[in-house]
Structures are given as structure tokens and as C-alpha cells.
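A.B. asks: My questions will all concern the structure given below.
The values are calculated or read from the model by the stated rules, or taken from the named source; none is laboratory data. Treat the numbers as computed from the prediction; the structure is a model and nothing was measured. When we count neighbours, we look across all protein chains shown, and the Cβ atoms used for this are built from the backbone with ideal geometry, even at glycine. Side chains included, ligands, DNA and RNA excluded: accessible areas come from the protein's heavy atoms. Shrake-Rupley method; radii C 1.70, N 1.55, O 1.52, S 1.80 Å.
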Amino acid sequence: MEKLFTKEELLLIENEANSNLEYYLDAHVLDGNATEISIKTISKKNQLIFVEGNQYTGFEHFNDRHSFLSFKNYWINNDGNIKLDNPSKFNPRTVPIMDYIKIADTIFCKENKNITKNNRPEFFDKFTGVLGSDLKEKYHLITYKDTKIVHTLFPDKKTHNSKRKCQFGKGISKIITKFPEGYNDLFMPYENSEGKTAYSILYRKYYLEKIERLFIQKHDSEGNPTEQFLLGYRNIEMHEKFEREDMNRIQISDLTEFEKIITKIDERSK
């Protein structure tokens, strides 16, 4: 169930902002004891209030949902038909919080107030504006009604979204080394709507054989691998191992060719 800020919480946030404006103004507050209604920063130009929030509202919400470097999966349930959502992503060069503030401050003005396309005018005010001189991009800022407390901020178009060719959500890559079996894995999971691994891409270095093999793996309902489909292999040296840069590379790479194979395997298994 969606958890937005209550009227009482909004009042607490506004009172804190008014009482300690200089502390939060144009600053980035780091607090190990922060709660959902803790203020992260207040913008210098329009004094927009950014709070920690949760998965439904505030900074945590729109950063997890719209940051290019966020890999959290979102699902839509339409009368029992569950499918992977595809929320718009910020430009990969966008710096979280710093650039968010600049974007929000720029489009927050009465000329940009969007009345016609505000789906929830009883709760929120919506502002829509275009930024950039050459490559212009449209953004939407949503604040709690009659306040400067930011609910969410996101790009209008899906220009920077990664391509996708399967119905499963890309998870978080990881590296695994196992002894005495003697192999080193680079593992990329693909998750279902329950957060369980349904398929995976697996690069495995077999040190005893000095071979690296590439697989697509099918997993059971508990996320355990049950089948492997060999895609290729190459010879390796004993000293080779996967590094963090390999993990980062596969995380942001275009994996649509692998995803097409996952889709074919999944369709045949039904």
C-alpha cells in the first residue's frame, strides 16, 4: 500500500525547514539517524524541500525509480496481469541530488504549473518544464499540494532508458569464487515479480581446465539453477579473475542479445 506523507508529517517538515532554514539551505545533510521525514537539503533559489522519504515518496522514491544507476525493478499489476514497469531514467551524466536540485529549482514557477495533466490535484501540484539549450529535455516536478516539499521528479521521455528484450528484471551483478571446486563466476540475475531469480547470465572460469564458459541458466521457483545452456567458451590463464570493473560493466551493458535468448527459452518451457 502506498505510503505518502500525512498532513501532520508535512507540517512537521515545514516547521523544521522554517526553524532551521540556514542549516539546510544549499547544503547536503548526512544523518545516520535520519527518518523518512528528515530533510536532506533545501534549494537555494526556490527553497524546495527535499526529504529522505521512502519507496513511495521523497528522495528515496524518485532516486531509486529514475536514477540511471538504480537497478531496482518495478512491477505493474493490472487486474492480475503483472508486467515489468519501465520508468523514465535521468541522463547518466546527472549527479544525484545536486543536479536534481538544479532541475527542480529551474522548472518550479507558476508559468510551468501543469493543471491539465495532474492526475492527483487533490494531493499534489505538478510543474512541467524544458531544460537545455541544445539537447532539450522535459521534466516533471511534483510537490505536495500548496507546499514546497518535493514528492517526485522525473524526465518526461525514456530517452536514456536501457533497452530490454525480456519480461524479467535485471538484478544486481556479483562475483563468486568457490574452492576447492576451483571456479570464479560473474553472475547477472534476471528476476521475476517476486524478486526471485528466474534466469541468469553466467560467466564461469574453470581453473582446473583453464577454460571460461558462458551460460544462460534457468532457475526454479526458489531461485536455484536447474538448467544450463552453453553459449560459448574460451581458454584462460590460471591468474585470470573477474574484477569489480567486470561486474560494473555487465551491470550497465546492453544485454538485449542475451535477453532475446532468455525469452526464447522461457517461451519454449511454457
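A.B. asks: Test of the criteria: in segment 175-223, which GluC sites (Glu not before Pro) are in a DSSP loop and have at most 13 other Cβ atoms within 10 angstrom of their Cβ?
C.D. replies: Passing both the DSSP loop test and the Cβ count: Glu181, Glu194, Glu209, Glu222.
A.B. asks: Per-residue counts of other Cβ atoms within 10 Å, averaged by peptide: what ranking do you get for 57-68, 240-251, highest first?
C.D. replies: Top to bottom by mean Cβ count within 10 Å: 57-68, 240-251.
A.B. asks: Also, I was wondering about something else. Lys/Arg Cβ at +1, Asp/Glu Cβ at -1, dipole of the chain taken about the Cα centre: which of Gly171, Phe229, Val150 is farthest positive-ward?
C.D. replies: Phe229
A.B. asks: Counting Lys +1, Arg +1, Asp -1, Glu -1, what net charge surrounds Met238 among other residues with beta carbon under 10 Å of its beta carbon?
C.D. replies: After counting each charged neighbour, the total is +1.
A.B. asks: I would also like to ask the following. Sort largest first and round to whole Å: the equivalent ellipsoid semi-axes of segment 109-156, each the square root of five times a Cα gyration tensor eigenvalue.
C.D. replies: Values: eigenvalues 83, 21, 17 Å².
Semi-axes from the Cα gyration tensor: 20, 10, 9 Å.
A.B. asks: Along each of the three principal axes of the Cα atoms of the chain, give the extent in whole Å, ordering the values from largest to smallest.
C.D. replies: Over the chain, Cα extents along the principal axes are 66, 42, 41 Å.
A.B. asks: Let me ask something else about it. Can you work out the FRET efficiency for the pair Lys157 and Thr263, with r the C-beta to C-beta distance and R0 = 22 Å, to the nearest 0.05?
C.D. replies: In this case the efficiency is close to 0.30.
A.B. asks: Another question, then. Under 19 Å from the 7 Å Cα→Cβ point of Thr6, by amide nitrogen: which residues of segment 28-69?
C.D. replies: It comes to 35-39, 52-58, nothing else.
A.B. asks: Shifting gears a bit: Quick one: with all protein chains in place, what share of the accessible area of segment 1-109 is carbon or sulfur, to the nearest percent (1.4 Å probe)? It would help to have the intermediate numbers written out before the result.
C.D. replies: On the way: 3150 of 6250 Å².
Summing carbon and sulfur atoms, their accessible area is 50 percent of the total for segment 1-109.
A.B. asks: May I ask for the net charge around Asp99, where only other residues with Cβ less than 15 Å from the Cβ of Asp99 are counted and Lys, Arg are +1 while Asp, Glu are -1?
C.D. replies: +3
A.B. asks: Can you give the alpha-carbon Rg of segment 48-124 over 2.2 N^0.38 Å, where N counts its residues?
C.D. replies: Working: Rg = 14.5 Å, N = 77, 2.2 N^0.38 = 11.5 Å.
After normalising by residue count via 2.2 N^0.38 Å, the value is 1.26.
A.B. asks: Within the set of other residues whose C-beta is less than 10 Å from the C-beta of His160, count the net charge using Lys and Arg as +1 and Asp and Glu as -1.
C.D. replies: For residues surrounding His160, the net value is +3.
A.B. asks: Mind running the shape call on segment 115-270? Use the C-alpha gyration tensor, a ≥ b ≥ c as the square roots of the eigenvalues: rounded below 1.5 for a/c, prolate if a/b tops b/c, oblate otherwise.
C.D. replies: prolate
A.B. asks: Ok, one more. Could you work out the helix-only [θ] at 222 nm for the chain, with each DSSP H run of four or more residues adding -39,500 (n - 2.57) and the total divided by the number of residues, to the nearest 500 deg cm²/dmol?
C.D. replies: Working: 6 runs with 58 residues, N = 270.
Calculated at 222 nm, the ellipticity per residue is -6000 deg cm²/dmol.
A.B. asks: Semi-axes of the equivalent ellipsoid for segment 3-140, please: Cα gyration tensor eigenvalues, times 5, square-rooted, ordered largest first, whole Å.
C.D. replies: On the way: eigenvalues 117, 81, 58 Å².
Equivalent ellipsoid semi-axes, largest first: 24, 20, 17 Å.
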